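Here the structure is laid out as structure tokens; the discussion comes afterwards.
The values are calculated or read from the model by the stated rules, or taken from the named source; none is laboratory data. Bear in mind that the values here come from a model prediction, so they are computed numbers and not experimental data. No Cβ is skipped: glycine too gets one built from the backbone with ideal geometry, and neighbour counts run over all protein chains shown. Heads up: the accessible areas ignore ligands, DNA and RNA and are worked out on the full protein's heavy atoms, side chains in. Shrake-Rupley method; radii C 1.70, N 1.55, O 1.52, S 1.80 Å.
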Amino acid sequence: MSSAHTIYLDHAATTPLDSAVFLSMQPYLTEAFYNPSATYSAARKVKQAITEARRSIAHHVGARPTEIIFTAGGTEANNLLIHGIMRQFPDGNCVVSAIEHDSVLHPAAQYNQRVAGVLSDGRIDIAALKTAIDDQTVLVSIQYANNEIGTIQPLRDIARLIGDVKQSRLKVGNTRPLYFHTDACQVPVYLDIHAARLGVDAMTVNASKIYGPKQVGALFVKSGVHLEPMLLGGGQEKGMRSGTENVAGIIGFAEALNRAQIERHEESKRLQMLRAQFIEAIQSRIPTAVINGSIKHRLPNNVHITLPGQDNELLMMRLDKHGILCAVGSACSASDEEPSHVLKAIGLSDEAAHASLRFSMGRSTNKAAIQRTVEALANSLG
Ligand SMILES: Cc1ncc(COP(=O)(O)O)c(C=O)c1O
């Protein structure tokens, strides 16, 4: 449990549940417990609540409600999209970036997968991406923002490139579809997630990074994009994701997304200012610290640093003793000894990767917390 003195700087791993979100969920965990597929009026009301939540989420994604599939989180949504498309094209290939979340990289690796590299600032290498897409490519999946270094990808530029490829295919009579998916799990608190403005055909979002509950997410799939379901059964979610709906989770997700999107400009501005102060304080107290990833194209809450010669596990444990919670590598995957594939992809040595820390700020972060963190970090160096 976090105490009043805890400074939580791991919002990229997960966020606390917003109290209004919790309140919105409560009735569906208690008196309104009915299975939405039942036909009596009490259950129909529950079904109606899901319909409204779907409509609200679709509104923020700029989608039709029928284009939203609820899942048990971001991992499942990414798997559904990748398997759902790739199983239909055994001779096709999919293109992903080298810094995707494992829930994209691992399912994609089961098919003919091509990996496009990123530049040292963490942005996709558009030339490498262009080379990776060939006549057999059916899917390009590039994340919106990275969970480790916070880098924001130029989705509109990628969508333009994909549009050009489609045009050239038309000219030579290649009728193979080419879909563009983005994993947007890290972004709704800060950025626009309107699919048409971004130029994507499919998008993954989840609730646990946006002050909503865990184990609930959604896959937006543009109408006309056919998916093969992974879970077969009762036919919920128009057959795309069978299983009794996580009603309270879905209601909480909609509430969390609504607040995130309404407040995103203000929260982004606030955290951008805090981040600048954070980086300035680190650089003045620890001049050897190196900031990883683009500063300009970066989520406002992310500070990722390498402290040459230091051991990140040790630093993290020392900060923990000061009540400061941060991450080494990607805290949303099971911990392993391997250096992060993201840090390797931007050119860090294994040694530098093992000397790196991620601080991800959130709604509770203020200037005093940043000052205390930098002070504790400077005093924790080996
Ligand atoms: C970018 C990204 N994609 C996918 C996921 C997986 O989401 P979930 O934990 O909801 O399965 C995460 C975090 O865990 C993430 O940061």
(message) Keeping all protein chains in place and using 1.4 angstrom, which order do K47, K209, K166, K171 fall into by accessible surface area, from largest down?
(response) K171, K47, K166, K209
(request) Bin all alpha-carbon pair distances of region 162-224 at 10 Å intervals from 0 and give each bin's fraction as a whole percent. (result) 20, 41, 25, 12, 3
(request) Convert 10 °C to kelvin, take the viscosity as 1.306 mPa s, use the Kirkwood radius over C-alpha pairs of region 57-204 as Rh, and evaluate the Stokes-Einstein diffusion coefficient in µm²/s, rounded to a whole number. (result) 103
(request) Starting from the residue with the highest accessible area, list K130, K321, K367 in decreasing order, probe 1.4 Å. (result) K321, K130, K367
(request) Determine one quarter of the surface area of the Cα convex hull of region 153-295, which equals its mean projected area, and express it in nm² to one decimal. (result) 12.1
(request) Could you look at region 282-382 and say what percent of its accessible area is carbon and sulfur, using a 1.4 Å probe and all protein chains? (result) 52
(request) In debye, nearest 20, what is the charge dipole magnitude of the chain about its Cα centre with +1 on Lys and Arg Cβ and -1 on Asp and Glu Cβ, if you could check? (result) 1180
(message) Please list, short to long, the whole-number percent of alpha-carbon pairs of the chain in consecutive 10 angstrom bins beginning at zero.
(response) 5, 23, 31, 24, 13, 3, 0
(request) Skip the ligands, DNA and RNA, and give the accessible area per residue of region 240-280 with a 1.4 Å probe, whole Å². (result) 46
(request) Skip the ligands, DNA and RNA, and give the accessible area per residue of region 1-141 with a 1.4 Å probe, whole Å². (result) 46
(message) For region 128-171, take N as its residue count and report Rg(C-alpha) divided by 2.2 N^0.38 Å.
(response) 1.30
(message) If every alpha-carbon in region 87-136 counts as one equal scatterer, what log10 I(q)/I(0) does Debye give at q = 0.16, 0.23 1/Å?
(response) -0.45, -0.85
(request) Give the span of region 1-98's Cα atoms along each principal axis, as three whole-Å numbers ordered largest to smallest. (result) 50, 49, 23
(message) Explain nothing, just compute: Karplus ³J(HN,Hα) = 6.51 cos²θ - 1.76 cosθ + 1.60, θ = phi - 60°, for every residue of region 218-231 in order, whole Hz, x for Gly and Pro.
(response) 8, 10, 8, 10, 4, 4, x, 8, 7, 10, 9, x, 8, 9
(request) Calculate one ³J(HN,Hα) per residue across region 248-255 by plugging θ = phi - 60° into the Karplus curve 6.51 cos²θ - 1.76 cosθ + 1.60, and present them in order as whole Hz with x for glycine and proline. (result) 4, x, 5, 5, x, 4, 4, 4
(request) Whenever you get a sec, compute what percent of the accessible area on region 132-271 sits on carbon and sulfur atoms (1.4 Å probe). (result) 51
(request) For region 110-115, take each phi angle, set θ = phi - 60°, evaluate the Karplus expression 6.51 cos²θ - 1.76 cosθ + 1.60, and give the result in whole Hz per residue in order, putting x for glycine and proline. (result) 7, 10, 6, 10, 10, 10
(message) Considering only protein heavy atoms and a probe of 1.4 Å, how much of the accessible area of region 1-47 is carbon and sulfur, as a whole percent?
(response) 62
(request) Sort M203, M240 from largest to smallest accessible area, using a 1.4 Å probe on the heavy atoms of the protein chains. (result) M240, M203
